[in-house]
Amino acid sequence: MANTYLFTSESVGEGHPDKLCDQISDAILDEALKLQQDARVAIETFASNGVIIVGGEMTLKKGYIDIQEVARGIVKKVGYDNPDYGLDYKSCGIMSNINHQSPDIALGVDEKANHEMGAGDQGMMFGYACKETPELMPAPIMFSHKIMMKASEVRHNGDMSFLRPDGKCQVTVEYKDGKPFRIHTVVLSHQHDPDVSYDDLKEELIEKVIKVALPEKLLDNKTIYLVNPTGRFVAGGPMADTGLTGRKIVVDTYGGAGKVGGGSFSGKDPSKVDRSAAYVARYICKNLVAAGIAEKCELELAYAIGVAMPVSINLNFFGTGKYPEESVVEIIKKVFPLKPKDIITVLDLQKPIYLSTSIYGHFGRDNFSWEKTDKVEEILKELKK
């Protein structure tokens, strides 16, 4: 008898209050990296009603960033351009309270003649990959992201002009013997203008968004569609729900299918291993799965502040591996960068690339360097030794 079970993941749109804050934080980070490649940045953003507060730490040797201009630009880009939405880029209040990074942290992180660059903080980070999708990502989170991407597209191009910026969805996938078998349930809640009828809204979101975004072969006449289950979603965004940087880390990673570490990503420069080590952990797992070493792979890296090498490495193939995990860990140490400076160099992380990571997940899109599978041949070569 087949082993069947359900697993659900969610994604949120660019206008979700938390994601709005992630985008502002990463946009400020990008501006800092344009001025100085090794800028030290840790920016948090808070949004509620018509007010946005930006705080944190930033160390720049030169240049100036207009925080108000950057924040308003993101609010406008997302689509909060009407006072009726509860947030309008032209009139919203923006406050900033940014300090320098602590010099005590710099003692352990900055590279000096007698000290290599250390990790920017302690913590454990996880990477994950599996063969459920072409992106080597878990199916529920990838399907959820694709729905939100499509919803954003039809909102911005005017095809569904009655949609407002806020929205979220979740997809429940039915698995049979560990593989995606069918899509069981789709929940999509999207903010909208008050004058659109519920029936029209539901029909258009199902036909123009959900069914276009999802694989047709996994949808059937038993698939459940729950669109705006309360019947109305007019009040949204920061007017209805406070936003904060870093609160959507499960959306940012693997939708709960893989573990998450102790820190979020957005607003942090790559000296913070919360971000860079999570990226390299994904890079390692994706290459191992692409090389056929395992069907499913999870990697934990743990660091101490000011220390370059991980204090621990843990690899789990969930019983799908062709080789013992302990022997593959030794190959990881030979083939992949694990020190912060090496990670930054190999993945080319000192560039203004981070705004594009802040929505629809940090993993599973080929335009990011940590999604490359360029280490497959080297892994296989090491296995033959």
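The values are calculated or read from the model by the stated rules, or taken from the named source; none is laboratory data. Fair warning: this is a prediction, and the values are worked out from it, not measured in the lab. Every residue, glycine among them, receives a Cβ derived from its backbone with ideal geometry; neighbour counts consider all protein chains shown.
Taking Pro310, is it touching a strand residue (DSSP E or B) at 6+ places or on another chain (Cβ under 6 Å) and over 16 Å from Leu383 (Cβ atoms)? Break it down stepwise before answering.
On the way: touching a strand residue (DSSP E or B) at 6+ places or on another chain (Cβ under 6 Å): yes; over 16 Å from Leu383 (Cβ atoms): yes.
So Pro310 fits the description; yes.
Among the residues of the stretch 94-116, how many are surrounded by 13 or more Cβ atoms within 10 Å (Cβ to Cβ), of a type outside the set (Ser, Thr, Tyr) and modelled with pLDDT of 80 or more?
Residues flagged as surrounded by 13 or more Cβ atoms within 10 Å (Cβ to Cβ), of a type outside the set (Ser, Thr, Tyr) and modelled with pLDDT of 80 or more within the stretch 94-116 amount to 3.
I'd like to verify a number: residues in the stretch 117-139 that are crowded, with 23+ Cβ neighbours inside 10 Å and either in a helix (DSSP H, G or I) or aliphatic (A, V, I, L, M) (or both), how many?
6
Could you please give the count of residues in the stretch 261-292 that are over 24 Å from Ala39 (Cα atoms) and out of contact with any Phe, Trp or Tyr (no Cβ under 6 Å at 6 or more places or on another chain)?
Of the residues in the stretch 261-292, 7 are over 24 Å from Ala39 (Cα atoms) and out of contact with any Phe, Trp or Tyr (no Cβ under 6 Å at 6 or more places or on another chain).
Would you confirm whether any residue within the stretch 293-302 is surrounded by 17 or more Cβ atoms within 10 Å (Cβ to Cβ) and free of Cβ contacts under 8 Å to residues at least 40 places away in the same chain?
yes
Would you check which residues across the stretch 243-263 are surrounded by 24 or more Cβ atoms within 10 Å (Cβ to Cβ) and either part of a loop (DSSP other than H, G, I, E, B) or among the polar types (S, T, N, Q) (or both) and list them?
Thr245, Lys248, Thr253, Tyr254, Gly255, Gly258
Residues in the stretch 209-224: is at least one at negative phi, surrounded by 15 or more Cβ atoms within 10 Å (Cβ to Cβ), hydrophobic (A, V, I, L, M, F, W, C) and without any contact (Cβ under 8 Å) to a residue 24 or more places away in the chain?
no
Are any residues in the stretch 140-168 surrounded by 24 or more Cβ atoms within 10 Å (Cβ to Cβ), among the small types (Gly, Ala, Ser) and in a helix (DSSP H, G or I), and if so, which ones?
Answer for the stretch 140-168, where residues must be surrounded by 24 or more Cβ atoms within 10 Å (Cβ to Cβ), among the small types (Gly, Ala, Ser) and in a helix (DSSP H, G or I): Ser144, Ala151.
Please state which one of Ile43, Ile28, Ile67 is farther than 30 Å from Met309 by Cα, crowded, with 16+ Cβ neighbours inside 10 Å and under 26 Å from the mean Cα position of the chain (by Cα).
Ile67
Being in a loop (DSSP other than H, G, I, E, B) and surrounded by 23 or more Cβ atoms within 10 Å (Cβ to Cβ): is that true of Ser276 here?
It is false that Ser276 is in a loop (DSSP other than H, G, I, E, B) and surrounded by 23 or more Cβ atoms within 10 Å (Cβ to Cβ).
Within the stretch 1-24, count every residue that is in contact (Cβ under 8 Å) with a residue 12 or more places away in the chain and over 20 Å from Gly167 (Cβ atoms). Reasoning before the result, please.
Residues of the stretch 1-24 that are in contact (Cβ under 8 Å) with a residue 12 or more places away in the chain, as a first pass: 2-24.
Pick out the ones that are also over 20 Å from Gly167 (Cβ atoms) and you get 2-7.
Total satisfying the criteria: 6.
Quick one: how many residues across the stretch 311-339 are assigned to a helix (DSSP H, G or I) and either of a type in the set (A, V, I, L, M, F, W, C) or surrounded by 19 or more Cβ atoms within 10 Å (Cβ to Cβ) (or both)?
So the answer is 5.
Quickly run through the stretch 347-380 and pick out the residues that are out of contact with any Ser or Thr (no Cβ under 8 Å at 6 or more places or on another chain) and in a helix (DSSP H, G or I).
Once the filter is applied, which keeps residues that are out of contact with any Ser or Thr (no Cβ under 8 Å at 6 or more places or on another chain) and in a helix (DSSP H, G or I), the stretch 347-380 yields Leu355, Ser356, Ser369, Trp370, Glu371, Val376, Glu377, Glu378, Ile379, Leu380.
Only one of these is exposed (fewer than 15 other Cβ atoms within 10 Å of the Cβ), within 30 Å of Asp22 (Cα to Cα) and not small (Gly, Ala, Ser): Asp342, Asp348. Name it.
Unique residue meeting the criteria: Asp348.
Among the residues of the stretch 324-356, which ones are of a type in the set (Phe, Trp, Tyr) and out of contact with any strand residue (DSSP E or B) (no Cβ under 9 Å at 6 or more places or on another chain)?
Pass one, the stretch 324-356, residues of a type in the set (Phe, Trp, Tyr): 336, 354.
The answer is Phe336, and nothing else.
Within the stretch 360-381, restricting attention to residues that are more than 16 Å from Cys285 (Cα to Cα) and of a type outside the set (Gly, Ala, Ser), which residue is farthest from the chain's Cα centre (by Cα)?
Out of the qualifying residues, it is Lys381.
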